[in-house]
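What follows is a single structure, written as structure tokens, with notes after it.
The values are calculated or read from the model by the stated rules, or taken from the named source; none is laboratory data. The shown structure was predicted, so the numbers you read here are calculated from the model rather than taken from an experiment. Cβ: placed from backbone, ideal geometry, glycine included. Neighbour counts: every protein chain shown.
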Amino acid sequence: MATEKYANLAISHLTGDITNSQTSITVTDASLFPAAGNFRIAIESEIILVTGVSSNTFTVTRGIESSTAVSHESGTSVALVITAGSMKQLFDDRVGIGTFSSLPASEFGNRLYYSTDTSTLSFDDGTGWIHNFGLYKATSVLDGNYPWFSQGTATSTQYGPSLWIGNTTHETNTPIRGKGDALTVPYTLTVGMLPQLVQGGDFSSAGILVYDSLNKLILFQFSSEGGFTSLSIEARSGFAATTADAVYSDDSFGYYGPLYLRIANNSTTRTFSFSTNGNTFTQVFSHAAGTHMVENHFGFGVRYGSLGSRFGEVGSQFFSVSLT
């Protein structure tokens, strides 16, 4: 839809009678009106959308915004009006949402457009679009929506729409501590997080997991140890199991920033993927659904393997949880 146009004191008169279905209207003088659509006029109690202008003739859509299209006599006043619909359109013109390929042409300044497929916020300065990358998709991760599956000494704190899970105490065997809920196969679990782990020293991690009624679990985690970061998948027999079966490990994963982890199970295959922007995911591993256990719960949380007196609190801000 064309952007809404406005003008001050734009008033004229019909040059002839019009019917209730006529979509072309001629006025005595259109010079005070915008030179092109779209804008809104009122003739008596009828609100009309002008979509095109040619000299003194308007191409129109009749009877908009719950008004009724009726006939009008020659000489009736025609005035540009601001309506509830035009005010809504003003906002819609200034803030757009869609795919990046649907970005409209630059037209006027102070306009924003968010691209849902690239997490890009673009600003129209009146001469072109300026693109800002690095926006992260988020949902409201509310503390009360997710019970602890294993708490120990961990704590949770709500910060606006995101949830912090942290631990200041080193716990033997580095158990996974966190929150979660039930799930049903098939599913796709995607969690966005901003880990704050130990920079150097012993092991700490943040991640997501799926587990069964006996707490057998598959853990997909981002970890830091000895100054190095890694991405790994482990199979464990419990939240505080002393041993784990390594399923996958990338010890050269050098990224440190907002991270999305995804576990998906389509009843045939369980896949593990990550993303740094929430849009483009890279699959790192897959195995048969039901490997190690048949999950009916999910969780997100942290592990702390360093001395609390030396390193203080480690944890992660969880800013997005999506289960579909």
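Of the strands (runs of 3 or more DSSP E) entirely within region 115-203, those holding at least 1 residues that are touching a residue at least 24 places away in the same chain (Cβ under 8 Å) occupy 129-132, 148-150, 155-159, 162-167, 177-182, 187-196.
So G254 ticks every box in (1) within 23 Å of the chain's Cα centre (by Cα); (2) free of Cβ contacts under 8 Å to residues at least 60 places away in the same chain but one. Which box is left unticked? Every condition holds for G254 apart from (1).
Consider region 83-113 and keep the residues that are among the hydroxyl-bearing types (S, T, Y) and exposed (fewer than 13 other Cβ atoms within 10 Å of the Cβ). The one that is farthest from S67 (Cα to Cα) is S101. Take the residues in region 228-245 that are of a type in the set (S, T, Y) and surrounded by 18 or more Cβ atoms within 10 Å (Cβ to Cβ); name whichever of them is nearest to Y260 (Cα to Cα). Applying the filter and picking the extreme gives S232. Each residue in region 181-213 was checked for being touching a Gly at 6+ places or on another chain (Cβ under 7 Å) and of a type in the set (D, E), and 1 pass.
Apart from one condition, G160 fits all of (1) out of contact with any helix residue (DSSP H, G or I) (no Cβ under 9 Å at 6 or more places or on another chain); (2) buried (at least 17 other Cβ atoms within 10 Å of the Cβ); (3) not acidic (D, E); the exception is (2). Within the set G254, G192, the sole residue that is within 25 Å of S162 (Cβ to Cβ), buried (at least 21 other Cβ atoms within 10 Å of the Cβ), modelled with pLDDT under 95 and not basic (K, R) turns out to be G192.
Entry remark, region 259-278: residues being loosely packed, with under 15 Cβ neighbours inside 10 Å and assigned to a loop (DSSP other than H, G, I, E, B) number 3 in total. It is to be established whether one or more residues within region 164-179 are modelled with pLDDT under 90 and basic (K, R). No, there is no match, as no residue in region 164-179 is modelled with pLDDT under 90 and basic (K, R). Evaluating S249 against the criteria (1) in a loop (DSSP other than H, G, I, E, B); (2) over 27 Å from the mean Cα position of the chain (by Cα); (3) not charged (D, E, K, R) leaves one unmet condition, (1). Here L217 clears all of (1) farther than 20 Å from G166 by Cα; (2) surrounded by fewer than 23 Cβ atoms within 10 Å (Cβ to Cβ) except the condition numbered (2).
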